[in-house]
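Let me begin by presenting the structure, written as structure tokens, before commenting on it.
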């Protein structure tokens, strides 16, 4: 191979290297920071770009997408002096490639350190029980603190999520016992509430039964009273009718003779009964004068009839 061929091959290789150093294709959602002779010249966004050979170079490459950064576990002391291990995930996004390049050496490392220090500060203000309840508050405080500090770096912190809060094993055992006691307490309360409700239901049933029974007894007595009243009324009506019939019969022809005969029969019958039921026999002063007694009774009847 002669010298001309070698020179030509060398020239081609040099041209290719120069071309690769000069031409830059920036991917979508990326940004390249260009320096010319060590000084910031500009930021290349997505697309095809040509640099000045030997003068321009790509000093920083940034991913403009939202990034999820794992925050390593760390030990934090709660307000009630309990050590807990806490980790999380930090979400951030580069908004200004120039400030992200020159504002801080490593914005990811700085964001993680700031998130951890803020986490220790927030956990130190809370008791152990509150750390499990106040996750949203912890996340919000960390986001505000890191976002405020990272603003000069051209980085926007979108959110922070606490992954795990791990207390010591002894605390876990105590919490488990506490939860078991709470579950047993709730079970006992639920059982007592059930018994209470059952007693109330039985009492309500007994009360309703007594009310229904008393209502039935009331209706029964009312019906019986109405029946007795109707019976008395019917008897009175029948008696009055009978008396009217008797009075009417007495006023008819031969009625007085029938009355005399009936009075004599009743007198003799009652006198005989009196003699049967008593050892002492009562004898009228004038036993033979039965007609006189009958006449006296008829006189009374006549007087009542005339008064009527």
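The numbers here are math on the coordinates, done by the rules we state, and not lab data. Everything numeric here is computed off the predicted structure, so don't read it as measured data. Quick reminder, even Gly has a Cβ in these numbers, built from the backbone with ideal geometry, and neighbours come from all protein chains shown.
Treating r as the C-beta distance of residue 192 and residue 129 and R0 as 41 Å, the FRET efficiency rounds to 0.95. Spacing of the modelled spin labels on residue 67 and residue 50, each 7 Å from Cα toward Cβ, amounts to 3.2 nm. Packing around the peptides 231-238, 134-141, taken as the average count of other Cβ atoms within 10 Å per residue, puts them in this order, highest first: 134-141, 231-238. You can think of it this way: the chain between residue 202 and residue 60 has 42.9 nm of extra reach, that is 0.36 nm per residue less the Cα-Cα gap. Evaluated at q = 0.13, 0.18, 0.20, 0.24 Å⁻¹, the base-10 log of the normalised Debye intensity for the range 181-251, with identical point scatterers placed on the Cα atoms, takes the values -0.68, -0.83, -0.88, -0.98. In this simple spin-label approximation, residue 248 and residue 18 carry label points 7 Å from Cα along the Cα→Cβ vector, and these lie 15.8 nm apart. Each peptide in 153-164, 101-112, 201-212 receives the mean, over its residues, of other Cβ atoms within 10 Å, and ordering these scores from highest gives 153-164, 101-112, 201-212.
Each residue of the range 3-63 gets 80 Å³ once the volume of the Cα convex hull is shared out per residue. Computed from the Cβ-Cβ distance with R0 of 25 Å, the FRET efficiency linking residue 25 to residue 159 stands at 0.20. Protection proxy ranking for 18-31, 51-64, 183-196, using the average of other Cβ atoms within 10 Å per residue and placing the highest first: 51-64, 18-31, 183-196. Label separation (residue 79 vs residue 234): 8.9 nm, computed from points 7 Å beyond Cα along the C-beta direction.
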